[in-house]
Structures are given as C-alpha cells and as structure tokens.
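A short worksheet on the structure shown next.
The values are calculated or read from the model by the stated rules, or taken from the named source; none is laboratory data. What you see is a predicted model; the values in this text were computed from it and never measured. Cβ placement follows ideal geometry from the backbone for every residue including glycine, while neighbour counts extend to all protein chains displayed.
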C-alpha cells in the first residue's frame, strides 16, 4: 500500500474530509488530494503534522500494509494497558534515554541466556 492510500484510510478512520485535514495541517485541500492520489509526498514537517492530526504514527502512514501495522500497534498498546507489570515497566522506560534502554535490553538478554 502506498503512503497516499494509507493517508486516505487514516483520514477517513478519523472522520476527516480532505478539507478538514488540510485546515488542521495548514496546507491546501488540493495538497492533501495530491498526497492521496498523485503519489506526492510531504516534507517531514508536514508528515509530522499529519500524523499528529490523525493521531497515528508516521510509521503507520509509511507502512506497506497499513491495516496490519495499525492492528499490531493496537495489539501492543492493549497488551501493555491490560498487564500491570508491563504498564509499570513501560512507564519506567519512558523516562530513560536510548542508551539506558539498550543497556537494560542487553542485560535482560544476558540474564535469559544464563538461566
């Protein structure tokens, strides 16, 4: 699936018209139409505004299979929210920088191999 098809699907899922999204993002309606049907691509700045407006990740807009990608995102979110330990761990990790996260990932792998 292309970015344009993903964008259209995400926009419709949110209940926005092209005009609605264009106004939120600060571009013309024809620009949104170009993204959806003419293989035009936005700048990163506009892509970020689009993902924020549609409450979705940039990754999902660029994914080869939007439906499976968003289903996967939703499944992960659900699993974290429904598991007290995962939710606690997630909240702790949100406070860390990527170096600390990578350290703990390596530590977990090490501990798992030593069992």
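Just a few scattered comments:
- Test: residue 109 is on the phi < 0 side of the Ramachandran plot, in contact with a helix residue (DSSP H, G or I) (Cβ under 6 Å, 6 or more places away or on another chain), part of a helix (DSSP H, G or I) and outside the structural domain of residue 11 (by TED's automatic domain parsing): no
- Number of residues in region 6-28 that are more than 12 Å from residue 50 (Cβ to Cβ), touching a helix residue (DSSP H, G or I) at 6+ places or on another chain (Cβ under 7 Å) and modelled with pLDDT under 95 equals 1.
- When region 15-41 is filtered for residues that are exposed (fewer than 12 other Cβ atoms within 10 Å of the Cβ) and closer than 19 Å to residue 62 by Cα, the ones remaining, listed by number, are 38, 39.
- Taken together, 102, 39, 91 contain a single residue that is in a loop (DSSP other than H, G, I, E, B) and over 15 Å from the mean Cα position of the chain (by Cα), which is 39.
- Hey, residue 45 out of contact with any helix residue (DSSP H, G or I) (no Cβ under 9 Å at 6 or more places or on another chain), over 19 Å from residue 63 (Cβ atoms) and at pLDDT 95 or above or not: yes
- Residue selected from region 60-101 under the condition in contact with a helix residue (DSSP H, G or I) (Cβ under 7 Å, 6 or more places away or on another chain) and closer than 25 Å to residue 18 by Cα, by the criterion surrounded by the fewest Cβ atoms within 10 Å (Cβ to Cβ): 73
- Being touching a residue at least 40 places away in the same chain (Cβ under 8 Å) and out of contact with any strand residue (DSSP E or B) (no Cβ under 9 Å at 6 or more places or on another chain) holds for only one residue in 104, 66, 35, 44, and it is 66.
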